[in-house]
Structures are given as structure tokens and as C-alpha cells.
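Everything below concerns the one structure shown next.
Just so it is clear, none of the values below were taken in a lab; they were calculated from the coordinates. Note that the structure is a prediction, hence the values are computed from the model and not measured. Using ideal geometry, Cβ is built from the backbone for each residue, glycine included, and neighbour counts are taken over all protein chains shown.
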Amino acid sequence: MKRAIHQLVAGFSYGDAISNEALVLRGIFRSWGFDSDIFCEARRILPELRGEARDVAGAKESFRPDDIAFLHLSIGSPVNDLFAELPCHKALLYHNITPPDYFRGIQEQIAHHLAKGREQAKRLAGAASVVLADSRFNADELESWGYGPAGVLPLVLDLARLRGEADRGVLKKYDDGLVNVLFVGRCVPNKRLEDGLAAFHYFQRYVEPASRFIHAGSFAGVEQYHALLLTMMRDLRLQNVELIGSVRQDELNACYKSARLFLCMSEHEGFCIPLIESLVHDVPVLAYAAAAVPGTLDGAGVLFREKRFDLVAEMMGRLVRDASLRGAVLKGQRERLARYEQRDLAAELRNHLASLLAG
């Protein structure tokens, strides 16, 4: 019977970065000759994906002593406690757990799960023989919690999906002469969409009146925060702002193709995949230099360290209008993307797991 490398995730759904990476890694592990499945709580697996993941209930019987359990640590979950109890080799990949204070007074249930997750993460120090994080920022946090040296393995992304078909209806809708400013990510407080709207207010009023702000990302479970944003939009009398919620991959690709600028005001990111997606679609990035954002961009895009909305709006205008500046920024972004794509992340992962694979 073959050895196995089984993954454990807190949730499994379409469009979720960790779910997507788990599928990619499963393919890698199987290509190495291992059995490999993805385990999750049954209630956290989308019905249409139940053929791709197994119920974590009773999972202990699926792990033999020489197998490897690979945990994606991202939020409070019973999966985290189970991982510590499994009678096998263990590896952990930390995707960051957002500090719960961002959700206090907005979504207490999410704040509870985040607080629980951070406590679980601290208790797991020493449980895994191999400890990885998808950014240096995340690795530093693990080490501050008492973990040994943590390796860094950037998110393993399927970039072919990003270069796939773009929805024609979305392209036609947004190809109307307006300057499209895009942000992609869940509609949650740490992303600071209110700051994005504030910067866009200055941009639309004083720099480029013929403009549109597009946000693509789910607001499920944070309807109160979403409502606050809608109130802010009315108070500022913003025009052409679209909070479009969750979208299919082809619709997301169309949003990127339609965008003249990607604006990120987020204050807490463990990696921030949309930054890489913007590079793939050749969209200039203007981002607040917080958490893992500088590391993910690795010298690309334009970063700022002070949220002066008037100055941010002025830089938005320069990136849209100044052909020389825009060209230089895009050149740097293409070089950063090339560095990312030239890395053999499967080989890096195998090297990180070498001690367990030899066992």
C-alpha cells in the first residue's frame, strides 16, 4: 500500500484561494506517487465539491503512521485540533489568521472564529515537524508564537485560470470610456474598502470625473459592513461604484481586463493573491504597504505608507495618465511576475518536505 500525503482544510469551496491551492497540491503529491486526498468538515464542503473532498469525521482511521498530514492553517476549526492528534508525520502551512479586532462590533461570530484560530495556532507550536508559511510576514508571526524556523513557500497558483476566457458581457459593460479602478477580495473590514472609497472620492471629484470603482468579492456573513459601505457611498455622493459580490472566474478575468488601475488599501494580508492576479493581467498596482503586501509585490507596483487620500488620488491619476510612469511600473510588474513563474514551487515544496518524504 502506498504512503499518503493527505491535506486538511477548514473549508472547501469554489474561488477560495486555499481550496484552489489544495487541489493543485493534491495533483503534485499524486504525481510524486503518493495517495492524496483533501479532508474537511462535511458542512464546510460545497455540495457540488463533495466528490473532491472527504469528511474529516473519522479521518484518523485514514492516516497510517508513515503517512503525512498537511494542514492549511487559516482560521479556527475542529480540523486544527484533529491535526494535533493524528498518529502520523505532520507538516503545516500557515496562510495567516486575521486579528479578530477588525471584526469586533461588525461580525462577532467571525471574530470568535478568528480568535479561536489564533489560540489554536499558538497551541500547535511544536506539533509539526515541517513548518511553512506562504509569506515571510506569516513566517515571522509563527516564529513569534514559539514555532521553530519557518520556511516560506509562496502560494502555488494556477495562473492558467487567470489567463483563460473573459466574460464578454462584463467586458462590454465596462468598456464604456470610464476609467475603471478595481479592487478584488472579500468584503471584510481588514481590507479597508472604506479607505478605497475615500480615495476614489478624491479621484472622481478632483482628478478623473469619468471614473468607476469596481469591487469584486463576497460579502456573505458581513452584511453589516457592506451596509456601512453603501451608506458611505450615498454620503459621499459617489457615482459609478459597483460592489458586485462573488463572480465566476471568467467574470473576474473580465474585471481585470477592464481595469486601468488596481487599488489596494488593505491593512492585513497574509499574501494577497489579487496582487499577483493584477500582474498577470498587466494592471498597474497602487497599494498600502502593510503586512505581506510589500513582500508579495517584491519591488513591483507603487506602494505608499500614509493614507493621505488626496495624495493617493493624485498618484492614481498619474498611473492612469502618465504613459512614461505607467510603462515603468508595468515593466517592473512583468519582471516580478517572471520571477514568480520561474520558481519551481513543486520542487521547493519537495525540498521542504524532504525529511518526511525520506521517512
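Going by alpha carbons, how many degrees (0 to 90, nearest 10) lie between the helix axis of 249-258 and the longest principal axis of the chain?
30 degrees
Return the calculated 222 nm mean residue ellipticity for the chain, to the nearest 500 deg cm²/dmol, obtained by summing -39500 (n - 2.57) across DSSP H runs with n ≥ 4 and dividing by the residue count.
-12500 deg cm²/dmol
Residue by residue through the stretch 291-300, what is 3J(HN,Hα) from phi via Karplus (6.51 cos²θ - 1.76 cosθ + 1.60, θ = phi - 60°)? Round to whole Hz and write x for glycine and proline.
6, 7, 4, x, x, 5, 6, 6, x, 8
Please report how many Lys pairs in the chain have alpha carbons closer than 30 angstrom, counting only residues at least 8 apart along the chain or sitting on separate chains.
Counting lysine pairs in the chain gives 21.
Work out from phi, with θ = phi - 60° and the Karplus expression 6.51 cos²θ - 1.76 cosθ + 1.60, the ³J(HN,Hα) of each residue of the stretch 330-340, listed in order in whole Hz, and give x for Gly and Pro.
Calculated HN-Hα couplings, in order: 5, 4, x, 5, 5, 5, 5, 4, 4, 4, 5 Hz.
Work out which trypsin sites (Lys or Arg not before Pro) in the chain are exposed loop sites (DSSP not H, G, I, E or B, at most 11 other Cβ within 10 Å) and give the longest gap free of them.
No qualifying site falls inside 3-162, the longest such stretch.
So which GluC sites (Glu not before Pro) in the stretch 305-359 end up in coil per DSSP with only 13 or fewer other C-beta atoms within 10 Å? Can you show the working numbers first?
Details: sites: GLU306, GLU314, GLU335, GLU341, GLU348; in loops: GLU306.
Hits after loop and neighbour filter: GLU306.
Could you tell me which GluC sites (Glu not before Pro) in the stretch 125-192 are loop residues by DSSP with no more than 15 other beta carbons within 10 angstrom of their beta carbon?
Numbers: sites: GLU141, GLU143, GLU165; in loops: GLU165.
Listed in order of number, the matching sites are GLU165.
Which whole-Hz couplings ³J(HN,Hα) result when phi for each residue of the stretch 141-156 is put into the Karplus expression 6.51 cos²θ - 1.76 cosθ + 1.60, θ = phi - 60°, listed in order with x for Gly and Pro?
5, 4, 5, 5, 8, x, 6, x, x, 9, x, 10, 10, x, 3, 8
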